[in-house]
Amino acid sequence: MQEEKAEVMPTVPIEYSGKWIAWSADRMTIVSSGETIREARNKAFQKGEKTPWLDKVPHRTIRFGGAAFRA
């Protein structure tokens, strides 16, 4: 039987605190950010990312939270 490895996403730098970020399709690289989900998504599209994953980064004073969407 083959074990499945848990996917480990990279740590998000603090400068993205409170912003929306767009990850590459493999969810290993942040390709853009913005104040709104639309801004982050559009910037990712402009950079050639066809299927970005979008996350809301919690403000640095919040210990837990967030949301993720696939464009």
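Rule-based calculations on the coordinates, nothing more; no lab input. Note that the structure is a prediction, hence the values are computed from the model and not measured.
Some values worked out for this structure:
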quantity: Amide proton proximity set for VAL12, modelled H, under 5 Å, gap of 5+; calculated: none
quantity: Amide hydrogen neighbours beyond the local backbone of TRP23, cut-off 5 Å, H modeled; calculated: VAL31, TRP53, LEU54, ASP55
quantity: Per residue Cα convex hull volume in Å³ - calculated over the stretch 21-64; calculated: 67 Å³
